[in-house]
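S.K.: Let me give you the structure first, and then I'll get to my questions.
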Amino acid sequence: MSRGPGSQCLLPRLSAGAPSPGLLPGQAPGRPASLHEHLALHGGRPSCDGSLQRRRHLIGEVERAGLTGRGGAAFPTAVKLRALASAPHARVVIANGVEGEPGSAKDKVLLTLAPHLVIDGAVSAAELTGATEAVIVTHPAACAAVRRAVGERRRAGYDPVPVRVLAAARGFTAGEASAVLNWAEGNGAVPTGRPPRLGGRGHRPALVQNVETLAHLALIMRHGASWFRSAGTLAEPGTILVTMLGAVQRPGVYQAEPGMRVSGLLQLAGGASAEPAALLIGGYFGTWVPAAEVLPLPFSAAGLSPLGARPGAGVVAVLPAAACGLAETARLARYLARSSAGQCGPCVFGLDAIARELEQAAAGGRCDLPRVRRWLRDVTGRGACRHPDGTALMVASALRVFHREIGLHSRGRCSATASAGILPVTDPPS
Amino acid sequence: MTRRARLIVDPIACDGRGLCAELLPAFIALDDWGYPVIPGGDIPAGLEREVTAVARLCPRLALRVEPAPRG
Ligand SMILES: Cc1cc2nc3c(=O)[nH]c(=O)nc-3n(C[C@H](O)[C@H](O)[C@H](O)COP(=O)(O)O)c2cc1C
Ligand code: SF4
Ligand code: SF4
């Protein structure tokens, strides 16, 4: 059966005035879909259990769909499913809804409005891999909705594997895969440096997937690979949830298709609310790009590659011309330095040094750019997780895009007329 | 023939006192914060024995010698 891309809706009704493809009839905006409403909209969850051969075939369907991770790295989901399916002992599937990034809202919105879709995906992944438990680790803001959904399913005897809900620890690095596994196994929410699929130190081997990835998986198991491929591009099929913030008319979460123009993406949010100067694409580990250059490009890894950007975790922040890109970058760098899990020297001291230098530059003081560039190289690949790498990529892009602004500051000037920060650096309350 | 090998540092375990770099400055440098920077790629032929000895001396057991990935 083939349905149009508009039906690939993860969200029954989107937040903040978004267009609403394929709605849940009768569901009030902002209210979670009940199990009944969920089943009426999507139909039942097909079993993904059975012989090894059948499960292999279904993982093959995920591969044919071309589903990739929506948590930032865009890694092929089928490869992870296959690796865990051949792990030696008891396995666990972890739905990563930590969403530690303050600028991102898509996972909270998805978990709040369509918790059953995420749980369906986690249970299907558990069946596909032979895992004995599914754990939904959710940002505290969505915890009530997810708990209610799991309760409904328990009463209905809906799921073949136990589903546990766990409120996430706060903080940017708490969402890193090994930190989420460590937290789910009853330890601290800090990265361990061990790939989750290997387990170890009292951990079961784990499949850690972003909650949006699992929601797509739930729909692929229902409607098949070619249905999923009816949206997006050949290389980047399906849809992607995008959080738009900054200088747009209606900040919020929107469902986009890879390949649509970045300008079209902004139109989903009602267009720019002030003249845009630069966009931060992909989140706080993403890439700053000049607005004029990025607006005509397709929103996809292939389309954005001339500017070195990628959709990443689906955050698009619009910096208005009135704001200072250097000051904004210094705030982000300080936030990311503060967010270090404090375990690895180059991350702890390196990110702090980089942030300090950028803060000095933003304040019109001395800034040794070649030294900052060397530090960005020095921290890359030197931590137990990719927190320093992601931070360095974002800062490096800022040094390119805000080059003129950095020059102005070194002469004691600044082009900005507004002083308030645009990008949030505190986690929203639960 | 001996298999090619790599030196790996566990950044969580390492405390950055720099003993390794002191013992083997020809191979291990320190960054601006005192943490060891280990060149990517294989341990050069002839240095393997020394590198393995230094790895054993790390007080935090943060260094290990691993066979290089094939290919
Ligand atoms: C510092 C850091 C923070 C991260 N935070 C999150 C997060 O909040 N949510 C998330 O899904 N992935 C996060 N990731 C990525 C995860 O490590 C992992 O790649 C992802 O959950 C895998 O799921 P996916 O393949 O479905 O994207 C983070 C990575 C790093 C290095
Ligand atoms: S690199 Fe940074 S965030 Fe990652 S484990 Fe080490 S100290 Fe923690
Ligand atoms: S000797 Fe070990 S703990 Fe000390 S700096 Fe070298 S790797 Fe780190």
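S.K.: Of the numbered conditions (1) surrounded by 21 or more Cβ atoms within 10 Å (Cβ to Cβ); (2) in contact (Cβ under 8 Å) with a residue 60 or more places away in the chain; (3) in a loop (DSSP other than H, G, I, E, B), residue A:382 satisfies every one except a single condition; which is it?
M.R.: Checking residue A:382 against (1) surrounded by 21 or more Cβ atoms within 10 Å (Cβ to Cβ); (2) in contact (Cβ under 8 Å) with a residue 60 or more places away in the chain; (3) in a loop (DSSP other than H, G, I, E, B), the one that fails is (2).
S.K.: Can you pull out the residues in the range B:30-57 that are closer than 16 Å to residue B:6 by Cβ and either among the β-branched types (Val, Ile, Thr) or within 14 Å of chain A (Cβ to nearest Cβ) (or both)?
M.R.: Selection gives B:36, B:37, B:38, B:39, B:40, B:41, B:43, B:51, B:52, B:54.
S.K.: Residues in the range A:402-420 that are open to solvent by 40 Å² or more (accessible area, probe 1.4 Å) and in a loop (DSSP other than H, G, I, E, B): how many?
M.R.: First, the residues of the range A:402-420 that are open to solvent by 40 Å² or more (accessible area, probe 1.4 Å): A:403-404, A:410-415, A:417-420.
Remaining after also requiring in a loop (DSSP other than H, G, I, E, B): A:411-415, A:417-420.
Residues that pass the stated criteria total 9.
S.K.: In the range B:34-60, how many are under 24 Å from residue A:347 (Cα atoms), more than 8 Å from ligand 3 (Cβ to nearest atom) and not in a helix (DSSP H, G or I)?
M.R.: Qualifying residue count for the region: 5.
S.K.: Another question, then. Go through (1) open to solvent by less than 10 Å² (accessible area, probe 1.4 Å); (2) within 14 Å of another protein chain (Cβ to nearest Cβ); (3) of a type outside the set (Asp, Glu); (4) more than 19 Å from the chain's Cα centre (by Cα) one by one and return the number of the condition residue A:191 breaks.
M.R.: Condition not satisfied by residue A:191: (4).
This table checks each residue for (1) surrounded by fewer than 22 Cβ atoms within 10 Å (Cβ to Cβ); (2) in contact (Cβ under 8 Å) with a residue 60 or more places away in the chain.
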site: A:253; (1), (2): no, yes
site: A:263; (1), (2): yes, no
site: A:271; (1), (2): yes, no
site: A:280; (1), (2): no, yes
site: A:290; (1), (2): yes, yes
site: A:294; (1), (2): no, no
site: A:297; (1), (2): yes, no
site: A:302; (1), (2): yes, yes
site: A:314; (1), (2): no, yes
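S.K.: For residue A:347, which of the numbered conditions (1) within 16 Å of ligand 3 (Cβ to nearest atom); (2) more than 14 Å from chain B (Cβ to nearest Cβ) fails to hold?
M.R.: Condition not satisfied by residue A:347: (2).
S.K.: Restricting the search to the range A:318-349, which residues are open to solvent by less than 20 Å² (accessible area, probe 1.4 Å), within 16 Å of ligand 1 (Cβ to nearest atom) and within 15 Å of residue A:361 (Cα to Cα)?
M.R.: A:332, A:333
S.K.: Also, I was wondering about something else. Return the total of residues in the range A:164-175 being within 14 Å of ligand 1 (Cβ to nearest atom), away from every other protein chain (no Cβ under 13 Å) and not aliphatic (A, V, I, L, M).
M.R.: 4
S.K.: So, in the range B:1-16, how many residues would count as being at pLDDT 95 or above and either in a loop (DSSP other than H, G, I, E, B) or within 16 Å of ligand 1 (Cβ to nearest atom) (or both)?
M.R.: Result for the range B:1-16: 7.
The values are calculated or read from the model by the stated rules, or taken from the named source; none is laboratory data. Computed from a prediction, not measured in an experiment: that's the story for all the values here. Cβ sites come from the backbone with ideal geometry, for glycine too, and all protein chains shown count toward neighbours. Areas reflect the complete protein model, heavy atoms only, side chains present, ligands, DNA and RNA absent. Shrake-Rupley method; radii C 1.70, N 1.55, O 1.52, S 1.80 Å.
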